[in-house]
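K.L.:
To start, I am sharing the structure in question, which I have written as structure tokens.
The values are calculated or read from the model by the stated rules, or taken from the named source; none is laboratory data. Just so it is clear, the structure is predicted and the values come from calculations on it, not from any experiment. Cβ: placed from backbone, ideal geometry, glycine included. Neighbour counts: every protein chain shown. The accessibility values were calculated without ligands, DNA or RNA, using every heavy atom of the protein model including side chains. Shrake-Rupley method; radii C 1.70, N 1.55, O 1.52, S 1.80 Å.
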Amino acid sequence: MYLGRVAETGPGAQVYEQSRHPYTAALLSAAPAADPDAASSRQRIILTGDVPSPINPPSGCRFHPRCPKAQDLCTTAEPSLEAKAGDSSAHLTACHFPVQAGEILARAGRRESP
Ligand code: SF4
């Protein structure tokens, strides 16, 4: 959940192993890891900016002011909660540009339209 909207839902193993929503990925990247080797190789996603007011949430995707993958579409269109290509029908994500397997999200930058 982010600002009152479901960002991602599904079987725990699927959500943990391949988080598709950038907010889920950021939350899980901050969780302590029991295995020191796994912890040292895991990317840490640092979110910038403040959490917007839930009384006056941002337009479009509510996460767009803090999302490292946000594009112009995200500022105007609220994403539907749906299964993304390659995911099971039980794994639902509300994101226009879901995280791809192996993507280094911490390095993703905001892209502007030409
Ligand atoms: S819809 Fe856009 S802003 Fe929202 S989580 Fe996805 S990429 Fe980020």
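K.L.:
I need a count of the residues in the stretch 49-84 that are open to solvent by less than 40 Å² (accessible area, probe 1.4 Å) and in contact with a strand residue (DSSP E or B) (Cβ under 7 Å, 6 or more places away or on another chain).
P.N.:
So the count comes out to 3.
K.L.:
Touching a residue at least 24 places away in the same chain (Cβ under 8 Å) and in contact with a Ser or Thr (Cβ under 9 Å, 6 or more places away or on another chain) - does that describe any residue in the stretch 49-56?
P.N.:
Within the stretch 49-56, not a single residue is touching a residue at least 24 places away in the same chain (Cβ under 8 Å) and in contact with a Ser or Thr (Cβ under 9 Å, 6 or more places away or on another chain).
K.L.:
Also: Got a sec? Which of GLU82, GLU78 is closer than 13 Å to ALA7 by Cβ, under 15 Å from the mean Cα position of the chain (by Cα), at pLDDT 95 or above and assigned to a loop (DSSP other than H, G, I, E, B)?
P.N.:
Values: GLU82 fails: assigned to a loop (DSSP other than H, G, I, E, B).
That would be GLU78, the only listed residue that is closer than 13 Å to ALA7 by Cβ, under 15 Å from the mean Cα position of the chain (by Cα), at pLDDT 95 or above and assigned to a loop (DSSP other than H, G, I, E, B).
K.L.:
Here is a further query. For the stretch 91-101, indicate whether the set of residues that are loosely packed, with under 10 Cβ neighbours inside 10 Å and at pLDDT below 95 is non-empty.
P.N.:
Taking the stretch 91-101 as the starting set, the residues that turn out to be loosely packed, with under 10 Cβ neighbours inside 10 Å are 101.
Checking the rest, the ones that are also at pLDDT below 95 come to 101.
Looking through the stretch 91-101, at least one residue is loosely packed, with under 10 Cβ neighbours inside 10 Å and at pLDDT below 95.
K.L.:
Could you go through the stretch 49-72 and let me know if any residue there is basic (Lys, Arg), in contact with a Leu (Cβ under 6 Å, 6 or more places away or on another chain) and part of a loop (DSSP other than H, G, I, E, B).
P.N.:
Kept after step one, since they are basic (Lys, Arg), are these residues of the stretch 49-72: 62, 66, 69.
Remaining after also requiring in contact with a Leu (Cβ under 6 Å, 6 or more places away or on another chain): 62, 66.
With the extra rule that they be part of a loop (DSSP other than H, G, I, E, B), the set shrinks to 62.
Yes; the residues of the stretch 49-72 include at least one that is basic (Lys, Arg), in contact with a Leu (Cβ under 6 Å, 6 or more places away or on another chain) and part of a loop (DSSP other than H, G, I, E, B).
K.L.:
If a residue must be surrounded by 11 or more Cβ atoms within 10 Å (Cβ to Cβ) and in a helix (DSSP H, G or I), how many such residues does the stretch 9-48 contain?
P.N.:
Result for the stretch 9-48: 12.
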